[in-house]
Amino acid sequence: MIPAEVWAGLAVLFGGIWILVRVADNRRSRARVKVDADAVTAAHALTRAYLGLLQAGKKGLRDASGLPRSKGEIGRAIKTMLCYYRGNGEHGRIPELRDAYLALAEFQSLTQGVTRAGAAIESERRRLLQDIEYFLAGFRL
């Protein structure tokens, strides 16, 4: 029979190891976001073009071929601008860009048919919402 002191010592040892692994993993997974001047300039131009398209267009299902760039590039540009605005203390722009990021779901390829494209909007919006919320909660300047 193993004495209780040995069990307690093992529990403390493995608990300490578990805590150290969690701390190391948390530091590694929270990458620092770095934004340089060229990236901000390009992202600003692309974000302005996309926001202009949103303001001029209708709501609901839209053709993805009307976007100035791919949805991935636009999403990265919006995230770059979010970093820039948060770093400069311009927090008033963050909700607008968050909503613009979510509006990317409305742009679907209409070659798959209007019915299928319309059905894809909601699932993509949920994915984009999770992505942007995780991004906003997790990045450091």
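Could you look through region 99-133, keep only residues that are of a type in the set (S, T, N, Q) and touching a strand residue (DSSP E or B) at 6+ places or on another chain (Cβ under 8 Å), and pick out the one that is farthest from Gly52 (Cα to Cα)? Let's see the steps before the verdict.
Kept after step one, since they are of a type in the set (S, T, N, Q), are these residues of region 99-133: 108-109, 111-112, 115, 123, 130.
If we keep only those that are touching a strand residue (DSSP E or B) at 6+ places or on another chain (Cβ under 8 Å) as well, we get 108-109.
Values: Gln108: 18, Ser109: 20 Å.
Selected residue: Ser109.
Just to check your reading of the model, which residue among Val33, Val40 is closer than 19 Å to Leu136 by Cβ, at pLDDT 85 or above, surrounded by 10 or more Cβ atoms within 10 Å (Cβ to Cβ) and not small (Gly, Ala, Ser)? Even if it seems obvious, please write down each step before you answer.
On the way: Val33 fails: at pLDDT 85 or above.
Going through Val33, Val40 in turn, just one is closer than 19 Å to Leu136 by Cβ, at pLDDT 85 or above, surrounded by 10 or more Cβ atoms within 10 Å (Cβ to Cβ) and not small (Gly, Ala, Ser): Val40.
Given (1) surrounded by 12 or more Cβ atoms within 10 Å (Cβ to Cβ); (2) over 12 Å from the mean Cα position of the chain (by Cα), identify the lone condition not met by Ser123.
Among (1) surrounded by 12 or more Cβ atoms within 10 Å (Cβ to Cβ); (2) over 12 Å from the mean Cα position of the chain (by Cα), Ser123 violates only (1).
When residues of region 70-95 are filtered for being touching a Phe, Trp or Tyr at 6+ places or on another chain (Cβ under 8 Å) and closer than 25 Å to Ser109 by Cβ, how many remain?
Total meeting the criteria: 6.
Rundown of residues vs (1) assigned to a helix (DSSP H, G or I); (2) within 30 Å of Gly118 (Cβ to Cβ); (3) modelled with pLDDT of 85 or more; (4) in contact with a Ser or Thr (Cβ under 8 Å, 6 or more places away or on another chain), yes/no style:
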| residue | (1), (2), (3), (4) |
| --- | --- |
| Ala45 | yes, no, yes, no |
| Tyr50 | yes, yes, yes, no |
| Lys59 | no, yes, no, no |
| Ile94 | yes, yes, yes, no |
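Would you say Ala64 is in contact (Cβ under 8 Å) with a residue 40 or more places away in the chain, over 25 Å from Gly138 (Cα atoms), surrounded by 17 or more Cβ atoms within 10 Å (Cβ to Cβ) and more than 19 Å from the chain's Cα centre (by Cα)? Before the answer, list the steps.
Working: in contact (Cβ under 8 Å) with a residue 40 or more places away in the chain: yes; over 25 Å from Gly138 (Cα atoms): yes; surrounded by 17 or more Cβ atoms within 10 Å (Cβ to Cβ): no; more than 19 Å from the chain's Cα centre (by Cα): yes.
No; evaluated as a whole, the condition is false for this residue.
What number of residues in region 100-116 are surrounded by 12 or more Cβ atoms within 10 Å (Cβ to Cβ) and either over 14 Å from the mean Cα position of the chain (by Cα) or free of Cβ contacts under 8 Å to residues at least 12 places away in the same chain (or both)?
Number satisfying all stated conditions: 6.
Hey, any hits in region 69-82 for a residue that's assigned to a loop (DSSP other than H, G, I, E, B) and either surrounded by 14 or more Cβ atoms within 10 Å (Cβ to Cβ) or of a type in the set (Asp, Glu) (or both)?
Of the residues in region 69-82, the ones assigned to a loop (DSSP other than H, G, I, E, B) are 69-70.
If we keep only those that are either surrounded by 14 or more Cβ atoms within 10 Å (Cβ to Cβ) or of a type in the set (Asp, Glu) (or both) as well, we get none.
Looking for residues that are assigned to a loop (DSSP other than H, G, I, E, B) and either surrounded by 14 or more Cβ atoms within 10 Å (Cβ to Cβ) or of a type in the set (Asp, Glu) (or both), one finds none in region 69-82, hence no.
Taking the options Arg98, Arg27, name whichever one is under 20 Å from Asp131 (Cα atoms), at pLDDT below 80 and part of a helix (DSSP H, G or I).
Numbers: Arg98 fails: at pLDDT below 80.
Just one listed residue meets the conditions, Arg27.
The values are calculated or read from the model by the stated rules, or taken from the named source; none is laboratory data. As the structure is a computational prediction, the values presented were derived from the model and not from experiment. Cβ: placed from backbone, ideal geometry, glycine included. Neighbour counts: every protein chain shown.
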